[in-house]
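See structure below.
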């Protein structure tokens, strides 16, 4: 298994608060990995660190063998921010073409990306006039237009209609089959089952990093929501043991 | 920096402007309306013998001031939007270089300013009989350099604003002192020494002096070219400072 992303002992602080407490994980090439966790658990911060736009306090992040944020990675990585980052005063096509042209790509590539996210009918509409779900798909088209080898998607399916959501997941798997590595965050557990691998994150710590079936086996349940709960409880019990042993709550947390 | 990326970024910014027809209309019409006001305020005031009329003196300076003020405002809001909407963060993860973006704004709004200055100068010379000893083309050139100065300062100042409310308040801070001290209200050599020193440090003072040189001399003077060079230098300094405020990594 070839590694696309490797995170080691990653620590991120924001102000005086530590938001990621020494995270380590690997993401294999050509797969769809889900980053699942509740809102505020540190998903976006971890994704930003992998893209290389987050100031980190410690640890290392390697993407395709290069340190995260390296100049050479800018052609090879696509990033979808959580809030749609497209120009509301341009049409879907103008937005997608602009981002495509930054990679030296032409009209056909932009139109293909627009069709891939199901926006062909709205291609000539101003982004500012689109619905929330359409706007985030326009943003997704701009993240995919450069045909990146690694795709980091922060909650791409929020607010999408169930049929479209299923189509987007099919599209992600088709891309993975062609060798693209996708890391997709979500706070909705029912999307976990659509991934090849799962990273479960809570309060800035990883509580699982495994295939979907291994997570189910480890937790002893097929229901991933329930599995997440059980893993949290197991972790907390381990923490309490740690507390009892060290007698110093803060050091152990 | 890449010429291709600079060109597509300039094109993108102009395309955004083109979709905003109201802004385009205001960019073109507002300076002409203001010049009309000036014409009816000062047009029939007698001039002291041997000196330019009051309207000629003020309108000439205003042809340089309007694009500076307007482009400063437009750019600081446009750049603030890039920062707050997440498009800047996304752009900085692509092959785009910081200077591609900053020069893209300078070029796009510089082009818009050239059209604006052309229309305003056309109105001043043909409708209101503005007379200058020097060439009207030089007036437009100085106006465009001034507009680019406004763009560069706007790009820089947008880094210090978190909201659009804050961004517009940089206008009284950055723009109005330059207008007060540029020599329009009080001649610079009649100011108190310390005011003159401040005036000498502000780029708009040089732009206004350059315009006054065009007003008074038939041929472009050495002072005028030096002043244009000073303003252009200020543009470069402001763009370098603006580049320093663009951070690929944030907290």
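Given the criteria surrounded by 19 or more Cβ atoms within 10 Å (Cβ to Cβ), in contact with a helix residue (DSSP H, G or I) (Cβ under 6 Å, 6 or more places away or on another chain) and away from chain B (no Cβ under 14 Å), does residue A:157 qualify?
Yes.
Taking the condition crowded, with 20+ Cβ neighbours inside 10 Å and outside any loop (DSSP other than H, G, I, E, B), does residue B:105 pass?
yes
Out of the range B:226-247, which residues are over 21 Å from residue B:96 (Cα atoms) and more than 17 Å from the chain's Cα centre (by Cα)?
Answer for the range B:226-247, where residues must be over 21 Å from residue B:96 (Cα atoms) and more than 17 Å from the chain's Cα centre (by Cα): just B:226.
If I ask for residues that are out of contact with any strand residue (DSSP E or B) (no Cβ under 8 Å at 6 or more places or on another chain), away from chain B (no Cβ under 14 Å) and touching a residue at least 24 places away in the same chain (Cβ under 8 Å), which ones from the range A:115-129 would you list?
As a first pass, look at the range A:115-129 and keep what is out of contact with any strand residue (DSSP E or B) (no Cβ under 8 Å at 6 or more places or on another chain): A:115-122, A:128-129.
Applying the additional criterion that residues be away from chain B (no Cβ under 14 Å) yields A:115-122.
Across the range A:115-129, the qualifying residues are A:116, A:117, A:118, A:119, A:122.
Determine whether the range A:39-59 contains at least one residue that is part of a strand (DSSP E or B) and more than 21 Å from residue B:83 (Cα to Cα).
Within the range A:39-59, the subset part of a strand (DSSP E or B) is A:54, A:58-59.
Within this subset, residues satisfying the condition of being more than 21 Å from residue B:83 (Cα to Cα) are A:58-59.
Yes, the range A:39-59 has at least one match.
Could you tell me which numbered condition residue A:93 fails, if it satisfies all but one of (1) surrounded by fewer than 20 Cβ atoms within 10 Å (Cβ to Cβ); (2) more than 20 Å from the chain's Cα centre (by Cα); (3) more than 8 Å from chain B (Cβ to nearest Cβ)?
Every listed condition holds for residue A:93 apart from (1).
Can you tell me which of A:176, A:219 is at negative phi and modelled with pLDDT of 95 or more? Even if it seems obvious, please write down each step before you answer.
Numbers: A:219 fails: modelled with pLDDT of 95 or more.
The match here is A:176.
Restricting to the range B:78-97, give me the number of residues that are within 12 Å of chain A (Cβ to nearest Cβ), touching a helix residue (DSSP H, G or I) at 6+ places or on another chain (Cβ under 6 Å) and not in a loop (DSSP other than H, G, I, E, B).
Residues of the range B:78-97 within 12 Å of chain A (Cβ to nearest Cβ): B:78, B:81-97.
With touching a helix residue (DSSP H, G or I) at 6+ places or on another chain (Cβ under 6 Å) added as a condition, the list becomes B:82, B:88, B:93-96.
Right, trim to not in a loop (DSSP other than H, G, I, E, B) and you get B:82, B:88.
Residues meeting the conditions: 2.
Could you pull out the residue among B:115, B:151, B:173 that is more than 14 Å from chain A (Cβ to nearest Cβ), surrounded by fewer than 17 Cβ atoms within 10 Å (Cβ to Cβ) and within 30 Å of residue A:100 (Cβ to Cβ)?
Just one listed residue meets the conditions, B:115.
Go through (1) surrounded by fewer than 18 Cβ atoms within 10 Å (Cβ to Cβ); (2) away from chain A (no Cβ under 14 Å); (3) at pLDDT 95 or above and name the single condition residue B:14 misses.
Status for residue B:14: all satisfied but (2).
Quick one: count up the residues across the range B:17-39 that are within 9 Å of chain A (Cβ to nearest Cβ) and without any contact (Cβ under 8 Å) to a residue 40 or more places away in the chain. Spell out how you get there, then give the answer.
Here is the first cut: in the range B:17-39, the residues within 9 Å of chain A (Cβ to nearest Cβ) are B:17, B:19-20.
From the residues that got through so far, the ones that are without any contact (Cβ under 8 Å) to a residue 40 or more places away in the chain too are B:19-20.
Residues flagged as within 9 Å of chain A (Cβ to nearest Cβ) and without any contact (Cβ under 8 Å) to a residue 40 or more places away in the chain within the range B:17-39 amount to 2.
I'd like the full set of residues that are closer than 30 Å to residue A:232 by Cα, out of contact with any helix residue (DSSP H, G or I) (no Cβ under 7 Å at 6 or more places or on another chain), at the interface with chain B (Cβ under 8 Å from one of its Cβ atoms) and surrounded by fewer than 21 Cβ atoms within 10 Å (Cβ to Cβ), limited to the range A:32-87.
Answer for the range A:32-87, where residues must be closer than 30 Å to residue A:232 by Cα, out of contact with any helix residue (DSSP H, G or I) (no Cβ under 7 Å at 6 or more places or on another chain), at the interface with chain B (Cβ under 8 Å from one of its Cβ atoms) and surrounded by fewer than 21 Cβ atoms within 10 Å (Cβ to Cβ): A:55, A:83.
Answer with yes or no whether residue A:103 is within 12 Å of another protein chain (Cβ to nearest Cβ) and closer than 18 Å to residue B:97 by Cα.
Yes: the conditions hold for residue A:103.
Criterion first (surrounded by fewer than 24 Cβ atoms within 10 Å (Cβ to Cβ), over 19 Å from the mean Cα position of the chain (by Cα), more than 9 Å from chain B (Cβ to nearest Cβ) and assigned to a helix (DSSP H, G or I)) does residue A:112 satisfy it?
Against the criterion (surrounded by fewer than 24 Cβ atoms within 10 Å (Cβ to Cβ), over 19 Å from the mean Cα position of the chain (by Cα), more than 9 Å from chain B (Cβ to nearest Cβ) and assigned to a helix (DSSP H, G or I)), residue A:112 qualifies.
How do the helices (runs of 4 or more DSSP H) wholly within the range B:167-251 filter down when requiring 2 or more residues that are closer than 30 Å to residue A:74 by Cα: which remain?
Of the helices (runs of 4 or more DSSP H) lying wholly inside the range B:167-251, those with at least 2 residues that are closer than 30 Å to residue A:74 by Cα span B:222-245.
Taking into account only those residues within the range A:155-173 that are in a loop (DSSP other than H, G, I, E, B) and modelled with pLDDT of 90 or more, which is nearest to the chain's Cα centre (by Cα)?
Taking the candidates together, the pick is A:155.
Can you tell me which residue among A:143, A:193, A:227 is in contact (Cβ under 8 Å) with a residue 12 or more places away in the chain, surrounded by fewer than 19 Cβ atoms within 10 Å (Cβ to Cβ) and on the phi < 0 side of the Ramachandran plot?
Numbers: A:143 fails: surrounded by fewer than 19 Cβ atoms within 10 Å (Cβ to Cβ); A:227 fails: surrounded by fewer than 19 Cβ atoms within 10 Å (Cβ to Cβ).
The conditions single out A:193.
Are any residues in the range B:16-53 within 29 Å of residue B:104 (Cβ to Cβ) and part of a loop (DSSP other than H, G, I, E, B), and if so, which ones? Even if it seems obvious, please write down each step before you answer.
Going through the range B:16-53, the residues within 29 Å of residue B:104 (Cβ to Cβ) turn out to be B:16-32, B:34.
Scanning the range B:16-53 gives a single hit, B:20.
With (1) farther than 23 Å from residue B:95 by Cα; (2) in a strand (DSSP E or B) as the list, and residue A:182 as the residue in question, which single condition is left unmet?
With (1) farther than 23 Å from residue B:95 by Cα; (2) in a strand (DSSP E or B) applied to residue A:182, the lone miss is (1).
The values are calculated or read from the model by the stated rules, or taken from the named source; none is laboratory data. Source: prediction; values computed, not measured. Glycine also receives a Cβ, built like all others from the backbone with ideal geometry; neighbour counts cover every protein chain displayed.
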